[in-house]
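Okay, so here's the structure we're looking at.
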Amino acid sequence: MMLRIAKPKVCLRGLTAPILGAAILTQRSYSSGVKQVGEYQGAYKVSKGLLQKYGPGRVIDTPITEAGFAGLATGAAYYGLRPVLEFMTFNFAMQAAIDHLINSAAKTHYMSGGNISVPIVFRGPNGAALGVGAQHSQCYAPWYGSVPGLKVVAPYSSEDARGLLKAAIRDPDPVVFLENELLYGESFPVSEEVLDPSFTLPIGKAKIEKEGRDVTITAFSRMVGYALKAAETLAKEDIVAEVINIRSIRPLDRSAINASVRKTNRLVTVEEGFPQHGVGAEICASVVEEIFECLDAPVERITGADVPMPYATNLERMALPQIEDIVRAAKRVCYRSVPMAAAV
C-alpha cells in the first residue's frame, strides 16, 4: 500500500509577505504605498513585520494620495529601483493613480525607444469583498488587461501568490497584481517545491486545476474556487469538467485554453466583473476566431450583473456569479438542461 502524505496548508497572506521581504533584501526593491503599509502593517496585514525588519528607508508609509505615491514609485522605477506599491484597494487607484499606471508606467518603454524600463509592481485587492458597496467592489482585470505595456496577473491560491509575485518583482516591465480580499485568509495545500525559496511561476501561463473531457471552464482569482466546486457538482451527473486557472490576464495563455477546448469541444468562462467587454468576452472571441470548428455548442459567459455592486447582502449575492450559475451553464453547453431563455 502506498503511503500518501498530505500537503501542508498555508494561507495566501502567509506566503506573500516573505516574498516582499526577500525582494527588499535581494532585488533593490522597496515597498511603497498608503500610510498603513508600514506602521499599520498593511490594510490586510500582507506587509506585516516588514517595517520592523527592513526599516523606513525600504518600507515607506505615505499620505493617502494615490496619485502622489504612484508617481513617486513610477519615477523610482525609471532610475533602476524595483518598487512594490500597495493600493488599499484598486478602486482607489482610480483617484488619478491610473494615469501613472497607464501613461507613465505602461507606455514609457515604448515611447523611449526601449531605453527606459519600468520594473514596478502595483498590487492590492481587486473585485468584490463583502458589504463594501459599489465604489469598493469593481473588478479591474478587463481595464488593465486591455493596456499594451502592462502585464496583469490575478492569483487564486497560495502557490499562485508566491510564484507570481516573485516573477512580477523580477520582471523588467510594470505588473498589475490583482489580489482578492476574501482570499487573503484562505489556506491552500502547498508542495515542498512551492515552499522552496527559489520557486517562481512564469507570467503568461495558465494552470489546469482539474482535468476533464466534457467542458472547459476558465476562471481567475476567487472564481477558480467556484469553478472547482461547480465541477464537483457536475461530476455527480457524469459531466467531467476541465477547470483552467488562467492566472495571467495579460498576456493570456490562449494556447492552453485552445488545447483544452479542442479536447472538450465546449467552453464556459467565469468572472465576477461586468458582462460587457470582460475577460471572458476576450477568451470567447479568441476561441471562436481561432478554433471555431472545434466547438460543439455555443460558448457561455458567466459574469457579474450589469449593475453597480449593491450594498445589501441579498442583492450583492444576486449581483455576483454563484456556483449554481456555472453548473447550469455547463449543463446547457452539454445539452443537459433547458435553454437559457427558460432558465430561472
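Being of a type in the set (Asp, Glu) and under 30 Å from Ala73 (Cα atoms) narrows it down to one residue among Glu242, Glu232, Glu181; which is it?
Details: Glu242 fails: under 30 Å from Ala73 (Cα atoms); Glu232 fails: under 30 Å from Ala73 (Cα atoms).
Sole residue among the options that is of a type in the set (Asp, Glu) and under 30 Å from Ala73 (Cα atoms): Glu181.
Just the residues that are of a type in the set (A, V, I, L, M) and more than 11 Å from the chain's Cα centre (by Cα), please, taken from the range 166-182. Lay out the reasoning, then the answer.
Of the range 166-182, the ones of a type in the set (A, V, I, L, M) are 167-169, 175-176, 178, 182.
Matches in the range 166-182: Ala167, Ala168, Ile169, Val175, Leu182.
Here are Gly114, Gly163, Gly145: which of them is of a type outside the set (Val, Ile, Thr) and on the phi > 0 side of the Ramachandran plot? Talk me through it step by step, then tell me what you get.
Details: Gly163 fails: on the phi > 0 side of the Ramachandran plot; Gly145 fails: on the phi > 0 side of the Ramachandran plot.
Checking each option against the conditions leaves just Gly114.
Just the residues that are at pLDDT 95 or above and in a loop (DSSP other than H, G, I, E, B), please, taken from the range 127-156. Show your work before the answer.
Initially, the range 127-156 is screened for residues at pLDDT 95 or above, giving 139-156.
Scanning the range 127-156 gives Cys139, Tyr140, Ser146, Val147, Pro148, Gly149, Leu150, Ala154, Pro155, Tyr156.
Report yes if Thr313 is modelled with pLDDT under 95 and either closer than 23 Å to Gly127 by Cα or in contact with a His (Cβ under 6 Å, 6 or more places away or on another chain) (or both), otherwise no.
Details: modelled with pLDDT under 95: yes; either closer than 23 Å to Gly127 by Cα or in contact with a His (Cβ under 6 Å, 6 or more places away or on another chain) (or both): yes.
Answer is yes for this residue.
If the requirement is being out of contact with any Ser or Thr (no Cβ under 6 Å at 6 or more places or on another chain) and either of a type in the set (Val, Ile, Thr) or within 26 Å of Ala106 (Cβ to Cβ) (or both), which of these qualifies: Ala259, Ala227, Ala219, Ala235?
Values: Ala259 fails: either of a type in the set (Val, Ile, Thr) or within 26 Å of Ala106 (Cβ to Cβ) (or both); Ala227 fails: either of a type in the set (Val, Ile, Thr) or within 26 Å of Ala106 (Cβ to Cβ) (or both); Ala235 fails: either of a type in the set (Val, Ile, Thr) or within 26 Å of Ala106 (Cβ to Cβ) (or both).
Just a single option satisfies the conditions, and that option is Ala219.
Please verify whether Asp173 is touching a Leu at 6+ places or on another chain (Cβ under 8 Å), modelled with pLDDT of 95 or more, surrounded by fewer than 21 Cβ atoms within 10 Å (Cβ to Cβ) and among the acidic types (Asp, Glu), treating the condition exactly as stated.
On the way: touching a Leu at 6+ places or on another chain (Cβ under 8 Å): yes; modelled with pLDDT of 95 or more: yes; surrounded by fewer than 21 Cβ atoms within 10 Å (Cβ to Cβ): yes; among the acidic types (Asp, Glu): yes.
Criteria met by Asp173.
Tally time: how many residues in the range 83-121 are at pLDDT below 95, part of a helix (DSSP H, G or I) and buried (at least 23 other Cβ atoms within 10 Å of the Cβ)?
3
Arg332 versus (1) in contact (Cβ under 8 Å) with a residue 40 or more places away in the chain; (2) in a helix (DSSP H, G or I): which is the lone unmet condition?
Going through the list (1) in contact (Cβ under 8 Å) with a residue 40 or more places away in the chain; (2) in a helix (DSSP H, G or I), Arg332 breaks only (1).
The values are calculated or read from the model by the stated rules, or taken from the named source; none is laboratory data. Since we're looking at a predicted model, the values are computed, not measured. Neighbour counts are summed over all protein chains in view; Cβ atoms, including those assigned to glycine, are modelled from backbone coordinates with ideal geometry.
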